[in-house]
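Asks: Here it is, the structure, as structure tokens.
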Amino acid sequence: MIAKQKIHGFVAAFDYNHQKMDLKSPRDRAELLDHNFFKYDRQSIMQEISFLQQLRPKLTRDAYHVSLNFASTDKLSNEQLSEIGREYLTGMGFNDNAYAIWQHFDADHLHIHVLASRIKYDGSVVSDSNNYQRSENLCRKLEQKYGLQAVKSSKEAIDRAPSKDELEMIQRTGKLSDRMLMQERVKGALSKADSVRDFINGCKEDGVYLIFNQSESTGRVSGITYISSEGFIAKGQKLGNQYKWSNLLKQLNYEQSRDRQTIGETNNRTRARFKDLLEKSSRGAENQDRKSIRTPNNGNEKPSHIRSKDEYDVQNGYKGRSYSNSERAGRNEETEQEFEEAVSNQLSTGTSTVISSLSGLLSSFGGDEIDEDEKRRRRKLRR
């Protein structure tokens, strides 16, 4: 079982699920499984939620919204789905909260959406601290209790499984996505490499160029980014755990003093080769608030899709400067956000489960009712 979580405004999240109940297509429709409202009527529910919001008027992100996704081999009744949804909420601290549970049918696997108010009936607020780790541990316990197909933990997963969009693209065009193609190229280079130099050369032979996050003062490497000859850029985490620098070290013969020059020269060659691409993507990321943009990789080749956050980080964060401990902590690959992104889509048998994305806008924070993740971010900025 895999959980995909969001914390946002209750009304938008409720309407997303509620309105799906009236859709004509059975595949797009949602079915209400359980709730604890006075009655299931939108107007009545909004009144109840309004009462709770008055207890915490400055809390704008007042909803916890999660989709629980099961393997194709898992067979569960509506009663079991409801029971799992309730137990998941209780395990995450929602034991005295308004909630509703729907089953969705818009994916090839069984999944439910669970929505709960973060405001308890006594006026306290359920914290979002360590949500991702707590959720993953809870999912493993529920798998055992209900005999569900086991899912590898995020730290055990090697490759990140294809997304729903990527699978649909394969069906439509018969081609792998840029990310999946890069996975295969890097995996091939890694299988034949004994040293860092071998890995660099193997990637280059297959059209993948590397930028290491290397400190100028010490030569220490703390991360890696891959750039394909077609202009696709991804950090190791986006490809999967085995592509992260910390895990590459387990397979490659690396010595910081010996390989420092080789890595530095590799960085210089890659930046020179993709200078225009990195500069354009950096400007695009700044001008468009880090939204996805489309930029040519050079004047002679076809335009490439740019994933702006990674390009922005490469251009502005991987310049070889020496980071303080607090800065390094903020840039470390093992951040809690990347922990969430790394939640495995692979089942123990190697089968991939497609996860439906949740929709909904993130609201702004209000007053002193700031969530734990925002507090952490602000503490980093003050350092």
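What follows is calculated from the coordinates using simple rules that are stated; it is not laboratory data. Being a predicted model, the structure only gives us computed values, none of them experimental. Cβ sites come from the backbone with ideal geometry, for glycine too, and all protein chains shown count toward neighbours.
Asks: Rg and Dmax in Å for the stretch 16-120, alpha carbons only: what are they?
Replies: Cα-based Rg and Dmax for the stretch 16-120 come out at 14.2, 44 Å.
Asks: Cut-off is 10 Å between beta-carbons; in what order do 246, 117 appear when sorted fewest neighbours first?
Replies: 246, 117
Asks: Taking a 24 Å limit on the Cα-Cα distance, which of the listed pairs 235/275; 4/204; 145/187; 20/120 fall beyond it?
Replies: 4/204; 145/187; 20/120
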